[in-house]
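Notes follow the structure.
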Amino acid sequence: MDTDRGPGLNRFVWVPFLCLVVLAATLVVTPWIGSSHVTAARVFAGVSPDVEIFYQFRVPRVLLAALAGGALALAGTLFQALLRDSLADPFTLGISSGASLGAVLAICFGTRDGGTGLPVVWLAALSGAALAFLLVLGLASQGPRVSSFSLLMAGVTVNTMAIAVILLLKTTASNAQSFAINRWLMGSIDSHEPPAIATLGVVVLAAAGYAWKNARAWNLVAAGEEWAASRGVDTSRFLWRGFILGSAVAGSVAALTGPVGFLGLIVPHALRLMVGADHRLLIPCSLLLGGAFLAVCDTAARTVAAPNDIPVGVVTAMLGGPFFLWLLKGRQQRFWS
Amino acid sequence: MLRMIPGLQLAALLLWIATPYVTAAPQRVVSTSPAITEILFALGLGDHVVGVSSFCRYPEAALKLPKIGGFAEPNVEYILQLRPDLVIVQKNPIRLTERLQAAKLTVAEVSPDSMEGVHRSIRQIAAAAGVAGKGEELSASLRRKLEKIQAKTAALGKPKTVFIIGRTVGTLDGLFAAGGGSYLAELIDVAGGVNVFRDSGAAYPKVTAEELMARNPEVVIDMGDSTHTGVITEEHRVAVVKLWSKFAMLRAVKDKRVYAVADDRLVVAGPRMVEAALVLARILHPEVAW
Amino acid sequence: MSAAAFRLAGLGFAYDQSAVLHDVSMEWQAGEWVAICGPNGAGKSTLLTICAGLRGGYTGTCEFQGRGVGRWARRAFARKVAFVPQTLRVEFPFSAEQVVLMGRTPFGDGLFEGEEDFAVARRAMERCDCMELAKRDFRELSGGERQRVVLAAALAQSPEALLLDEPAAFLDLKHQQRMHGVLSEVKREGTLVVSVTHDLNHAAVYADKVVLLEAGRVRAFGTAREVLTPERIREVFAVEAELVARRSGGQWIAYGL
């Protein structure tokens, strides 16, 4: 037992620091990798188009990938703690699909952007995420209590309904619209709007900071609702706040990227196997490693089939799926040995 | 006289049996795609068309015809209720042809997905409708007109062009462009441009903005915000140009050669391909009178 | 402390329309061990969880140190009252040590435990004989081991009242005895111990007071000798019972004859 504070605290320093190093390395390296040939010499000398490609596209894209990945992993960590179910994430709870439906509705029925500069699609996606979340929560709550089983069931249902409506809209969409809809069925890190990326950054970092500050309460809730209540947590208030926090994070991401699956499941899961279930580590580490993971996946997505841009959700699923199975296998062995 | 009757009866019987095979022109034709509908009307068979897909908006007469659903998921029951004697199907993965044939319908399957595909489809449809000669004529005339355009552009410079087919409305996110081997790529070719994404294996690839920068097109043709209306308002044109100003270093943006288009002719590979090529030629070569 | 630790008056609870608890009125004092006995469905766990502040919607009064349990601030209440559930099922890989340290959460505002927290947790684990489990994954412990860890977590709350729901259910004989020893010790230190138990002899041997519940009503409340008579046991539990004198001087309830 860590009766002395030293080793215990050290762990809370070096583990996140290691994750930070991984993320920093990813952020430094990945902008230099891409389909077109960009050299450091030309970028620093300000030679076109290298300098524009680097600063206007690669850097924002890598930053967005890191933010989105961190946010999805964080949202997964929070939802899993709230529901005490390692299968909960923004996708299984219907939030990602809600965002997609919002975006698709805006694409099909929204007026064309008359030069207002208002990102109608993003706003619609955010509202869609919020509505899907409220619907799921409404379906799953009995009075002040929320059952995690019905929450997951409601999430799956809302997911299916949202995708059904999207496919319905697609059958009558125009050619250009159906391409835009495809983009929201698969999810991609291809937004280049610095204000949007900055906004996402503020939302994600604020949410992560707030969650981290309460990390010990998250530990209690992750161990059990009654357990948390008898250790000083006002559980029903905590759960509501937690769901709103997670949904705000997940919805903000989905509004920019569309549904990117697997990340919210795989990163928290892998982290728990590596560093345990303490949210004082899980919250910062999922943010950092989730970011690094998606930045790497997105580098693959924009490079391997160049000039074609593969949806990053495909990459996360293809890398994440086998990894997830391998983890499950390991867990089984531990259980049965 | 009486003796002749059995002979006549036999002849009538033979004629009756043979009728489905020798009848010259089918009287009730169903089309499952805009391209097929346009070809049928161009062949002068418009009066015999009794059903079209819900995407068929040209010519205007097609708008009033019964709809049988989209071409990816047509309603087989609707088709059967129209009692067609010929169904022309755009080749698709749902095995529609087999399903209709199983229902004892005469089906012709075409795939107008390229210029050659259009020529082939015209000949196939004309043959199935018993007007093979007209088909040859139409095809040859289209070929002549396209060659004329191509001959005119051959001498001109070839601007590097990107054709944006889809994107997230109101943003430059999620860019889909015309790739190599697409109908649009052929049109750009004829109209005297070089498609910057001609090396992409996909017909309509999603492309990265980075690649777009690196390929630095001189002309951007953007259909990304287009809806069914097919009309570009001045307000929309201004909005699209303003949107692209975010990519300030693009040659096309610097040269103010960003064009918003919304035109069914660019989407439907059919007998209006000459008009489509002219639409692009006017954009790519405004220096010449068209 | 002058006021009773817990004061229940006319306490009732109903699921939908059917009453689970009816008109429970009694007082429990600090430094007492109160055992709650009764057949299945008598309302024992419901009574305990109401006292632990985990179940609202009751009627009547349930006061801890003179204030209704629902009116306590959660954290302040958790610093005084600890609850030990029947079982704790955890989905995530917390170590036993982390589970015990969770008991210290209501005491600190910071993100990390302090010296005192570690010391208290360590003492609690030593008392519950689970030091050697500290680094183990809580999910992989046996039922009895978990129970010891959960008890240690409750002791780490340094509670003034310790509420336990069948704490001995999964323990082997040695650890049952050891746990009862710890609880007796805790009681002597001035903590109110309230335990739900099916083992009437545990109640008889260790508890100062016994609450006998039957169908949501208090059938009897008093010392074990007053409450657990063979007649009552027969009436309430529908088993024959007799009191056997132990060589050590106490009584042993022999039942199921």
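The values are calculated or read from the model by the stated rules, or taken from the named source; none is laboratory data. None of these values were measured; they are calculated from a predicted model. Every residue, glycine among them, receives a Cβ derived from its backbone with ideal geometry; neighbour counts consider all protein chains shown. We work out accessible area using only protein heavy atoms, side chains counted, and drop any ligands, DNA or RNA first. Shrake-Rupley method; radii C 1.70, N 1.55, O 1.52, S 1.80 Å.
With protein chains left intact and a 1.4 Å probe, residues in region A:5-336 average 38 Å² of accessible area per residue. When shorter helices are ignored and each DSSP H run of at least 4 residues is given -39500 (n - 2.57), the per-residue value for the protein assembly as shown at 222 nm works out to -16000 deg cm²/dmol. Counting Cβ atoms of other protein chains within 10 Å of each residue's Cβ and taking the mean over peptide A:227-240 gives 6. Of the solvent-accessible surface of chain B, computed with a 1.4 Å probe over protein heavy atoms with every protein chain present, carbon and sulfur atoms account for 58 percent. Take the solvent-accessible surface of the protein heavy atoms, probe 1.4 Å, and return the percent of it on region A:5-336 that carbon and sulfur atoms account for. C and S fraction of accessible area: 74 percent. Buried accessible surface for the A/C chain pair comes to about 3500 Å², total over both chains, computed with a 1.4 Å probe. Short-range pairs are left out: with C-alpha atoms under 8 Å and at least six residues apart, the relative contact order of chain C is 25 percent. Apply the a/c threshold of 1.5 to the C-alpha gyration tensor of region A:5-336 and tell me whether it is rounded, prolate or oblate. It comes out oblate by the Cα gyration axes. Under the classification rounded if a/c is under 1.5, otherwise prolate if a/b is larger than b/c and oblate if not, where does the protein assembly as shown fall, given a ≥ b ≥ c as square roots of the Cα gyration tensor eigenvalues? Here the protein assembly as shown falls in the prolate category.
Protection proxy ranking of A:49-58, A:124-133, B:153-162, by the mean of other Cβ atoms within 10 Å over each peptide's residues and highest first, is A:124-133, A:49-58, B:153-162. Judged by the mean number of other Cβ atoms found within 10 Å, the most tightly packed of the peptides A:78-84, A:64-70 leads the ranking A:64-70, A:78-84.
Taken residue by residue and averaged, Cβ atoms of other chains lying within 10 Å of the Cβ of C:62-74 number 1. Where the accessible area of chain C is counted over protein heavy atoms with a 1.4 Å probe, how much of it, in %, is carbon and sulfur? That fraction is 46 percent. Expressed to the nearest 5 percent, the antiparallel share of DSSP beta bridges inside the protein assembly as shown is 45 percent. Compared with the direct C-alpha span, the chain from B:R282 to B:D85 gains 66.7 nm at full extension, assuming 0.36 nm per residue.
Mean per-residue shielding of peptide A:45-57 is 4, counting Cβ atoms of other chains within 10 Å of each Cβ. Dividing the convex hull volume of the alpha-carbon atoms in region A:163-317 by its residue count gives 138 Å³ per residue.
Bridgeable lysines around B:K145 (alpha carbons under 18 Å apart, same-chain partners fewer than 8 residues away excluded): B:K134.
Cross-link reach is defined here as a Cα-Cα straight distance under 18 Å, omitting same-chain residues fewer than 8 places apart; for B:K152 the lysines meeting it are B:K160. In this assembly, the B-A interface accounts for approximately 3600 Å² of buried accessible surface in total, computed with a 1.4 Å probe and without ligands, DNA or RNA. When the square roots of the Cα gyration tensor eigenvalues are ordered a ≥ b ≥ c, the ratio a/c for region B:156-284 is under 1.5, which makes its shape rounded. Legend: residues B:Y58, B:Y204, C:Y58, sorted from most to least accessible area (1.4 Å probe; ligands, DNA and RNA excluded), read B:Y58, B:Y204, C:Y58. Once C-alpha pairs closer than 8 Å and six or more residues apart are averaged by separation and normalised to the residue number of region A:5-336, the relative contact order reads 31 percent.
Highest-first packing order for the peptide set C:236-243, B:267-274 is B:267-274, C:236-243, based on the mean count of other beta carbon atoms within 10 Å.
Summed over the residues of region B:185-242 and divided among them, the accessible surface reaches 35 Å² per residue at a probe radius of 1.4 Å. Show which lysines lie in cross-link reach of B:K67 when reach means a straight Cα distance below 19 angstrom and same-chain residues fewer than eight apart are skipped. Leaving aside lysines fewer than 8 places away in the same chain, those within reach of B:K67 are A:K170, B:K91. Close Lys pairs in chain C (alpha-carbon distance under 25 Å; sequence gap of 8 or more, or different chains): 9.
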